[in-house]
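In what follows, a single structure is set out as structure tokens and then discussed.
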Amino acid sequence: QVQLAESGGGLVQPGGSLRLSCAASGSIWSINAMGWYRQSPGKQRELVATITRAGSPTYTNSVKGRFTISRDNAKNTVYLQMINLKPEDTAVYYCYAVGPQKNYWGQGTQVTVSS
């Protein structure tokens, strides 16, 4: 089993920045890709960014150039640096990890972008 613990959400003004962290524990040797989804009220969960074990990132189009995903394998932690935040980025952000037989999810952290 893998446990994921997110931190770093909060309230920020448009144009501001936040960094989310997700620390993995448990059977971390089994983890392959990690990343972030987000979900806004009334919308489907959206894949935001993914990073492979080797460090190769992918992003959804709406966050390219503003969000950066990174991974510290020594700390078993994945980060999501978010700059130039927009009101439409408001959502609960969920960390996930891909295991050999199942995916794992964090509890979510709220990001609110508002003036």
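The values are calculated or read from the model by the stated rules, or taken from the named source; none is laboratory data. Source: prediction; values computed, not measured. With ideal geometry, Cβ positions are generated from the backbone for all residues, glycine too; neighbour counts draw on all protein chains shown. What goes into the accessible areas is simple: the full protein's heavy atoms, side chains included, and nothing from ligands, DNA or RNA. Shrake-Rupley method; radii C 1.70, N 1.55, O 1.52, S 1.80 Å.
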Inset, instruction - Looking only at region 60-67, decide whether some residue is surrounded by 20 or more Cβ atoms within 10 Å (Cβ to Cβ) and within 20 Å of Tyr104 (Cβ to Cβ). - result: no
Inset, instruction - State the number of residues belonging to region 1-58 that are surrounded by 18 or more Cβ atoms within 10 Å (Cβ to Cβ), under 15 Å from Arg71 (Cβ atoms) and of a type outside the set (Gly, Ala, Ser). - result: 11
Inset, instruction - Return yes when Asn84 is surrounded by 16 or more Cβ atoms within 10 Å (Cβ to Cβ), on the phi > 0 side of the Ramachandran plot and not hydroxyl-bearing (Ser, Thr, Tyr) and no when it is not. - result: no
Legend entry - Test for Tyr79: is it of a type in the set (Phe, Trp, Tyr) and more than 19 Å from Thr112 (Cα to Cα): no
Inset, instruction - Any chance you could count how many residues in region 4-40 are polar (S, T, N, Q) and either more than 13 Å from Tyr104 (Cα to Cα) or modelled with pLDDT of 95 or more (or both)? - result: 6
Inset, instruction - Considering only region 56-73, state which residues are more than 14 Å from Met34 (Cβ to Cβ) and of a type in the set (A, V, I, L, M, F, W, C). - result: Val63, Phe67
Legend entry - Residue ID - most open to solvent (accessible area, probe 1.4 Å), chosen from residues in region 87-107 that are outside any strand (DSSP E or B) and among the polar types (S, T, N, Q): Gln101
Inset, instruction - For region 12-24, enumerate the residues that are under 16 Å from the mean Cα position of the chain (by Cα) and either in contact (Cβ under 8 Å) with a residue 60 or more places away in the chain or over 16 Å from Tyr94 (Cα atoms) (or both). - result: Ser17, Leu18, Arg19, Leu20, Cys22, Ala24
